[in-house]
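Each remark here refers to the structure printed beneath this line.
The values are calculated or read from the model by the stated rules, or taken from the named source; none is laboratory data. Bear in mind the structure is a predicted one, so any value in this text is a computation, not a measurement. Note that we place each Cβ from the backbone using ideal geometry, even for glycine, and neighbour counts take in every protein chain shown. Note: areas computed on protein heavy atoms with side chains; ligands, DNA, RNA excluded. Shrake-Rupley method; radii C 1.70, N 1.55, O 1.52, S 1.80 Å.
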Amino acid sequence: MAWKDVFSYVRAVAADKGVTQRDAHADDALPMGARIGSVVQMQCSPVIRAQANGSLIAMPEAGDTRILAVSQVKLEPDTELYRLYLDKGDADAKEKFLQVFCGDDGKVAEVLYCTQLARIVPETADDQDAYTGAAGYGLGDAGYTLWREQLADMLDEAGLVTVFGTADRLDYTRDAGAPDAQFVTPFRGRETRIDDAEGVHGLRQEMYFMPYVRKLADGGREYLLITTEIVESVDGDASKRGIHVDFVIGIPLEQERIVIQ
């Protein structure tokens with residue numbers, strides 16, 4: 001794949017090789033033929049069905065029709081994901097993206113449509129240790145619970161009833177490691193997001209990642225992806241650093257329901 005490890009140096013590398021900036025594309029060879037600026041047509045019936053069965057997934061907005069950025073996520077020891085961003089969430093921290101996992105043969109094995117539920121900033125060292133797994137608990141525990149009161153300011157009463165019914169909690173199960181293990185060390189890796197075809201703009205961040213899952217009323221799956229992200233640079237500027245924890249909801253989509261042009 002024609003990805004550059006450090007996107008801020010793409011133009012310099014291209015120049016050294018005698019390639020013009022116009023010929024250098026950092027978004028080559030993405031899954032599903034995606035490119036930055038590609039138009040995405042996605043059938044919304046799976047999202048509507050998931051919502052009706054209690055999912056927290058958000059519907060695509062009218063403007064969520066183009067790929068604004070792409071990223072490669074490398075998780076240790078050997079997992080690689082791609083994210084095709086329909087909304088980068090830079091202004092309001094509400095990302096929307098298609099997360100694509102390819103098998104060893106390079107073919108698409110799974111696609112999740114993902115929408116960000118919330119972002120928090122761990123303010124203490126203890127909080128950071130819990131959300132990186134350094135404490136031996138927290139991110140990586142066998143389960144994770146979202147409470148009705150936590151989401152009371154995000155959903156109206158009708159939404160709360162659809163999601164929670166009469167319950168006061170949503171329980172998710174860790175989707176990694178041995179099922180009987182009380183704690184599994186989170187996946188650790190790095191995401192390089194590229195915001196333009198030349199690879200000049202974007203960000204690079206270290207990640208601690210763990211997927212959780214629950215069954216919806218119709219038996220479908222809803223994923224809760226919890227990721228602690230330590231921003232290392234923005235547009236190649238290493239002074240723009242920070243840490244936050246993203247809670248993202250994802251539902252599986254059949255590849256046939258997505259057209260990228």
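Numbers at a glance
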{"quantity": "Residue in the stretch 243-251 that is touching a Phe, Trp or Tyr at 6+ places or on another chain (Cβ under 8 Å) and over 25 Å from ALA34 (Cβ atoms) present", "calculated": "yes"}
{"quantity": "Residue list for the stretch 60-84, filter: at pLDDT below 90, outside any strand (DSSP E or B) and either over 23 Å from MET42 (Cα atoms) or within 17 Å of the chain's Cα centre (by Cα) (or both)", "calculated": "ASP64, GLU76, PRO77, ASP78"}
{"quantity": "Number of the condition not met by TYR223 [criteria: (1) closer than 19 Å to VAL111 by Cβ; (2) exposed (fewer than 15 other Cβ atoms within 10 Å of the Cβ)]", "calculated": "(2)"}
{"quantity": "Tally, over the stretch 126-165, of residues that are open to solvent by 50 Å² or more (accessible area, probe 1.4 Å), among the small types (Gly, Ala, Ser) and either modelled with pLDDT of 95 or more or assigned to a loop (DSSP other than H, G, I, E, B) (or both)", "calculated": "2"}
{"quantity": "The stretch 170-194: number of residues that are open to solvent by less than 60 Å² (accessible area, probe 1.4 Å) and without any contact (Cβ under 8 Å) to a residue 40 or more places away in the chain", "calculated": "5"}
{"quantity": "Qualifying residue in the stretch 212-234 (condition: assigned to a strand (DSSP E or B), β-branched (Val, Ile, Thr) and touching a Gly at 6+ places or on another chain (Cβ under 7 Å))", "calculated": "yes"}
{"quantity": "Positions within the stretch 235-261 being at negative phi and outside any strand (DSSP E or B), in sequence order", "calculated": "ALA238, SER239, LYS240, ARG241, GLU254, GLN255, GLU256, ARG257, GLN261"}
{"quantity": "Single residue of the stretch 198-211 satisfying the filter (assigned to a loop (DSSP other than H, G, I, E, B) and surrounded by fewer than 22 Cβ atoms within 10 Å (Cβ to Cβ)) that is modelled with the highest pLDDT", "calculated": "HIS201"}
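Table: residues versus (1) without any contact (Cβ under 8 Å) to a residue 24 or more places away in the chain; (2) in contact with a Pro (Cβ under 9 Å, 6 or more places away or on another chain); (3) of a type in the set (Ser, Thr, Tyr).
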site	(1), (2), (3)
ARG119	no, no, no
LEU139	no, yes, no
ALA142	no, yes, no
GLU149	yes, no, no
GLY159	yes, no, no
THR162	no, no, yes
ASP168	yes, no, no
